[in-house]
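First comes the structure, then the notes that go with it.
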Amino acid sequence: EGHVATIIRFGTMAQSAPSSLPWFTELTDLVNENMGSKVVFATDEWFAAAENLIKNTEPIFITDKFTTYGKWMDGWESRRKRTAGHDWCIIELGLPGEILGVKVDTLFFTGNQAPRFSLQACEMPQSKAGIVERLKQERRGYGIGTCASKNTLSTAEQLGSDKWTTLVEFTPLRPGYEGKSVHFFQIPDLFLNKKWTHVRV
């Protein structure tokens, strides 16, 4: 369980990128909500909704802000799993494009951060476009305080996202202490020059 914020970028390398940051952080952010990206599915959002992953703003912490379900957090936060497996979500990118690098930030999640992260991607075939649209329609009833129903999970599994191309293998994440919460992943050359439309986090 915990918070996983991803920034996925593509495009031409910017020569002005600060030396302290990976060059790909100057590229277009494909999961930015302002680009039209959408959360298609999430297994569990009990404490904080998956839409926080695609926000156009840096995460914030408000000390005295609470919800019906607990402390308000500016990220995606699920319940602790007491069964096998892990939580995951599917995001439709705002634009199809190459994924050259990923930023994962666990800021303010100290002890309840996602323990590890992986990223899979696909170029969604037209034959499964109807499934994606059905998930989008069903998503209107989801958000904080919810988890996917068995029927919705079954629909999402029809996309076969567990078999999509793995761009980032399972990697441990650090707690979200300031100055140590940001993780950068450069995508291996093997996966460059490929167009992706959806990712599984």
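Tell me the residue from ALA84, ALA114 that is among the small types (Gly, Ala, Ser), assigned to a loop (DSSP other than H, G, I, E, B) and open to solvent by less than 20 Å² (accessible area, probe 1.4 Å), please. Step through it out loud before you land on a result.
Values: ALA84 fails: open to solvent by less than 20 Å² (accessible area, probe 1.4 Å).
Result of the check over ALA84, ALA114: ALA114.
Yes/no per residue for (1) over 26 Å from LEU21 (Cβ atoms); (2) in contact with a Pro (Cβ under 8 Å, 6 or more places away or on another chain); (3) of a type in the set (Ser, Thr, Tyr); (4) touching a residue at least 24 places away in the same chain (Cβ under 8 Å):
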residue: LEU119; (1), (2), (3), (4): no, no, no, yes
residue: GLN137; (1), (2), (3), (4): yes, no, no, no
residue: PHE170; (1), (2), (3), (4): no, no, no, yes
residue: LYS180; (1), (2), (3), (4): no, no, no, no
residue: LEU190; (1), (2), (3), (4): no, no, no, no
residue: ARG200; (1), (2), (3), (4): no, no, no, yes
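When you look at VAL104, is it touching a residue at least 40 places away in the same chain (Cβ under 8 Å), out of contact with any helix residue (DSSP H, G or I) (no Cβ under 9 Å at 6 or more places or on another chain), in a helix (DSSP H, G or I) and open to solvent by less than 10 Å² (accessible area, probe 1.4 Å), yes or no? It would help to see each step written out before you state the result.
Values: touching a residue at least 40 places away in the same chain (Cβ under 8 Å): yes; out of contact with any helix residue (DSSP H, G or I) (no Cβ under 9 Å at 6 or more places or on another chain): yes; in a helix (DSSP H, G or I): no; open to solvent by less than 10 Å² (accessible area, probe 1.4 Å): yes.
It is false that VAL104 is touching a residue at least 40 places away in the same chain (Cβ under 8 Å), out of contact with any helix residue (DSSP H, G or I) (no Cβ under 9 Å at 6 or more places or on another chain), in a helix (DSSP H, G or I) and open to solvent by less than 10 Å² (accessible area, probe 1.4 Å).
Every residue in the range 138-192 that is buried (at least 16 other Cβ atoms within 10 Å of the Cβ), of a type in the set (A, V, I, L, M, F, W, C) and under 22 Å from GLU51 (Cα atoms), please.
Within the range 138-192, ILE144, ALA148, ALA156, LEU159, TRP164, LEU167, VAL168, LEU173, VAL182, PHE185 qualify.
Just to be sure I understand, how many residues within the range 57-81 are in contact with a strand residue (DSSP E or B) (Cβ under 9 Å, 6 or more places away or on another chain) and either free of Cβ contacts under 8 Å to residues at least 24 places away in the same chain or assigned to a loop (DSSP other than H, G, I, E, B) (or both)?
Final tally of qualifying residues: 13.
Report, by residue number, each residue of the range 28-48 that is among the hydrophobic types (A, V, I, L, M, F, W, C) and open to solvent by 20 Å² or more (accessible area, probe 1.4 Å).
So the first thing to find is which residues in the range 28-48 are among the hydrophobic types (A, V, I, L, M, F, W, C), and the list is 30-31, 35, 39-42, 46-48.
Matches in the range 28-48: MET35, TRP46, PHE47.
The values are calculated or read from the model by the stated rules, or taken from the named source; none is laboratory data. Predicted model only: the values in this text are computed from it and were never measured. When we count neighbours, we look across all protein chains shown, and the Cβ atoms used for this are built from the backbone with ideal geometry, even at glycine. Side chains are part of the model used for accessible areas, which takes the heavy atoms of the whole protein and leaves out ligands, DNA and RNA. Shrake-Rupley method; radii C 1.70, N 1.55, O 1.52, S 1.80 Å.
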